[in-house]
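Working notes, beginning with the structure itself.
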Amino acid sequence: MADKIFTSPEEFAEEFRSKLRAEAGKDLKDCDNSQRYRALARLIAQKASEQFALSDSENKKSQKKKVYYFSLEFLIGPLLDNYLLNYGVRDIVAEGLQSMGIDLDELIAEEPDPGLGNGGLGRLAACFLDSMAAEGILGFGNGMRYHYGLFKQEIRDGRQVEVTDNWLDKGFPWETKHPESAVLVRFGGEVVRHEKDGKFWFTQEGGELVKAVPYDVPIVGYEGKTINRLRLWSAYPAHEDFDLDAFNAGDYAKASKYRTDVEAISQILYPNDAGEHGRILRLKQEYLFVSAGISSIIRNFKYDHAGADWKTFPDLVAIHTNDTHPAMCGPELMRVLVDQEGLDWDSAWDITTRTVSYTNHTVLPEALEKWPIETFRRLLPRLYMYIEEINRRYMDSFPRDKEGWQDALRNTAILWDGQVRMANLSVICSHSVNGVAALHTQILERETLHDFYELTPEKFNNKTNGISPRRFLGNSNPSLSKLVTGKIGDGWLKDAGELKKLEAYYDDDAFLDALAASKRTNKDRLANYINKTLGIEVDPDSIFDVQVKRFHAYKRQLLNAFKVMHVYNRMLDDPNYKPHKTTFIFSGKAASAYTFAKEVIRLINSIADVINNDERVNDYIKVVFIPNFAVSNAELIYPAADISEQISTAGKEASGTSNMKLMMNGAITLGTLDGANVEIAQLAGMENEKIFGLTEDEVEALKAGGKYFAWDVANADPDGVGRCVHQLTDGTFARLSGNFQQISDELMGNNDYDLVLADFASYVKAWDELTASYDDQRDWQRRALHNIANSGHFSSDRTIREYAHDIWDIDA
Ligand code: 26Q
């Protein structure tokens, strides 16, 4: 353990007071909690930065490899509580603040929740930063500093309303701006050929010049030994170009057009709906952070290893690309090595492919990133020449000895049908391609990237996702953490595999009771939050049935909504039918242009409105939609869940990570055999989850057979799913804001593309059986414990160790 940053509450209090005076320019008693929070965060951030500077110069001497994790999203969430835990000073700080009459939890509640990501992929990047630092890996995040995070979600008349997330409003105390490390990036213009002494070279000239300025956030590893850095880029004008004439003529927009255009690049985070593809601003974001990131890596490399042969670059640097969003890393590194550093093509190509690696996060064909060649070439003319040459050489060396090679070549080419195919670019420029759960990787190899797999099977590997046990158990579930630590010590925070030791308590009644009591504490906490924010009273003794994630058709929140409707219908039809008391909890955002998903949100809120106000049923069932799902409220929701809903159409969810967070917090999975659910069921035991529905093979077979007719399923079950379909449009849930014609049309008009009707019966049966088993609390808690004890495998520390060993060639 490194020395503690504060050794006593008194020492902390002293430093805090002086920091507060310096930051706020006021004395403690005259400051509000927001100023106190800021001062505390600044104090910790500065300690971390100092430590970073020290270790940075030590690392310069060592020849330790550095990993750069390129991601357009880092959903870091609030940092304060996490850093106090990682530094091991939570109690000292709480006590020190207490002595000044300040409540640490109140300061923690002041912290903004930076929404610099959409969902799973962005949160994964944040967990990886935490784990790289915990594992002592020199791992640096490279991303974008969006001025506005993902929109805040409000619900009005049941509808999602998007509100700007001005997360920087009060400043972000963790960041430090580094203007001295700014980098210039050029868009547009044209490529000019130069020739001298028989040599020739190219430059890109004119166009729009942008200054990328980095803001660094320190990443504190567990036990405070390793401090890493997240570097987020922001776009600024590269020169003053204020049009005074326009200004004097009153045309203010024209006067500052250049500034506005440039600043737009880092203004917003794009949502992950298919409709947003092809936006030029998105392409600018992608190139900006790739080009600036690579520039900064090269500068660092030259500084750390002055005079080193470029050949050593892949031994000292790894560049990992989170999905295809940073796919330009390959060609950009080539451009720098060849155009700027003067290497020959073959040497540069060898260096590039040995440095770059790629993680795929989706098999949905509509989600694979593509850009029109015309758009691409106009914006990035020099880079495009590199892509063209990479493509030409790829096609040129393509083996033509196997039957059907023409199809394989067509499927794997980078440039085809007037488009730049980013997944193919990523695979070709990388030495490693990985999926994010075993099943997902199999599907990549068998289907999505099959032709690449045939060519280079050695590139492919699986890295099942993980989550930070420190944040998602340590920070978010204090009561369970305390219980666990009381029994097996706190080693699980560093090695979550130690949670296995809890297996010794499967038959320990006292422990199982304590587990139930901890769950109850967390349900009370969430019930209070729900009451405070929504005015809905929920019974903490009811089952908390939880589905929280982005809204997407394939995630099938609609299937869950149908289930709730069906339970309601049964209660009204049959006075003898009494379901187990249940609170159905939903939360999540839909991309603003994704109308189907938004209608499902409205449906759930409309169902809630009807059920919660119907005295015939509301003693038994309640429905709650918690607005604005974000890291901060997620940390209240996961610990309170009894049932974890993981009900995507088999084969569609690459991995899922909320399944892991809920498992680690003792929820039982009600799910399909999709993504990482498969591995969860294997590890915790099938008997400790509730698995239902079509398997991936069965889904494929059903689709291929051509004999599935959704209307037949509806008509054959008039009291079940048929009635649910009907109720979308018959006024049953129209009270709040009308019927759901669009859901009905898309569902039935596409012959139930996501197989909601096909899985309905098996889902309802599974839910009935699972909820019926809740009253045997001893057995329920035992199953919960099986989940907790086996969740260590899903620590992102384990995932990162696998990346380090198998992909980055480093051993922590
Ligand atoms: C692409 C182009 C243009 C605009 C937006 C995008 C875009 C942005 C974000 C496309 C996709 C995303 C995010 C994807 C995502 O979160 N995928 C999830 O990744 C998790 C971590 O691996 C998995 O657990 C989930 O299964 C997967 O859905």
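The values are calculated or read from the model by the stated rules, or taken from the named source; none is laboratory data. This structure is a prediction, so every number in the text was calculated from the model and none was measured. All Cβ positions, glycine included, derive from the backbone under ideal geometry; neighbour counts span all protein chains shown. We work out accessible area using only protein heavy atoms, side chains counted, and drop any ligands, DNA or RNA first. Shrake-Rupley method; radii C 1.70, N 1.55, O 1.52, S 1.80 Å.
Worth pointing out:
- Condition check for K563: in contact with a strand residue (DSSP E or B) (Cβ under 9 Å, 6 or more places away or on another chain), under 23 Å from S655 (Cβ atoms) and either touching a residue at least 24 places away in the same chain (Cβ under 8 Å) or not hydrophobic (A, V, I, L, M, F, W, C) (or both): no
- When Q153 is tested against (1) closer than 20 Å to A634 by Cβ; (2) within 16 Å of the ligand (Cβ to nearest atom); (3) open to solvent by less than 10 Å² (accessible area, probe 1.4 Å), just one condition goes unmet, and that condition is (2).
- Among residues of the range 397-410 that are open to solvent by 80 Å² or more (accessible area, probe 1.4 Å) and charged (D, E, K, R), those with a beta-carbon under 7 Å from a residue that is modelled with pLDDT of 95 or more and not in a loop (DSSP other than H, G, I, E, B) at least six positions away or on a different chain give the pairs R410/W416.
Results for (1) free of Cβ contacts under 8 Å to residues at least 24 places away in the same chain; (2) closer than 19 Å to Y215 by Cβ; (3) within 16 Å of the ligand (Cβ to nearest atom), shown as yes or no for each residue.
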site	(1), (2), (3)
I44	no, yes, no
K47	no, yes, no
A53	yes, yes, no
D56	yes, yes, no
K60	no, no, no
Y68	no, yes, no
S71	no, yes, yes
L75	no, yes, yes
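- Checking each residue in the range 20-44 for being within 16 Å of S99 (Cβ to Cβ), open to solvent by 20 Å² or more (accessible area, probe 1.4 Å) and either in contact with a strand residue (DSSP E or B) (Cβ under 6 Å, 6 or more places away or on another chain) or at pLDDT 95 or above (or both) picks out only R36.
- Qualifying residues in the range 774-810 (those that are surrounded by fewer than 19 Cβ atoms within 10 Å (Cβ to Cβ) and either of a type in the set (S, T, N, Q) or free of Cβ contacts under 8 Å to residues at least 60 places away in the same chain (or both)) - the one farthest from L316 (Cα to Cα): D776
- Summed over the range 99-112, residues that are open to solvent by 30 Å² or more (accessible area, probe 1.4 Å), touching a helix residue (DSSP H, G or I) at 6+ places or on another chain (Cβ under 6 Å) and within 27 Å of Y270 (Cα to Cα) total 1.
- Listed by position, the helices (runs of 4 or more DSSP H) enclosed by the range 195-313 that each have at least 2 residues that are touching a residue at least 12 places away in the same chain (Cβ under 8 Å), more than 16 Å from the ligand (Cβ to nearest atom) and closer than 30 Å to V420 by Cα are 257-264, 280-304.
- Candidates are the residues of the range 368-392 that are over 23 Å from V192 (Cα atoms) and among the charged types (D, E, K, R); the one that is most open to solvent (accessible area, probe 1.4 Å) is K370.
- Residue list for the range 115-150, filter: away from the ligand (no atom under 16 Å from the Cβ) and in a loop (DSSP other than H, G, I, E, B): E135, G136, I137, R145, H147
- For the range 156-174, the set of residues classified as open to solvent by 30 Å² or more (accessible area, probe 1.4 Å) and either within 28 Å of E208 (Cβ to Cβ) or free of Cβ contacts under 8 Å to residues at least 24 places away in the same chain (or both) consists of R156, V161, V163, T164, N166, listed by residue number.
- Test for I297: is it open to solvent by 10 Å² or more (accessible area, probe 1.4 Å) and of a type outside the set (K, R): no
- Residue within the range 529-547 that is under 30 Å from G722 (Cβ atoms) and under 22 Å from the mean Cα position of the chain (by Cα) present: yes
- Residue match in the range 573-584 (condition: more than 33 Å from the chain's Cα centre (by Cα), surrounded by fewer than 18 Cβ atoms within 10 Å (Cβ to Cβ) and assigned to a helix (DSSP H, G or I)): yes
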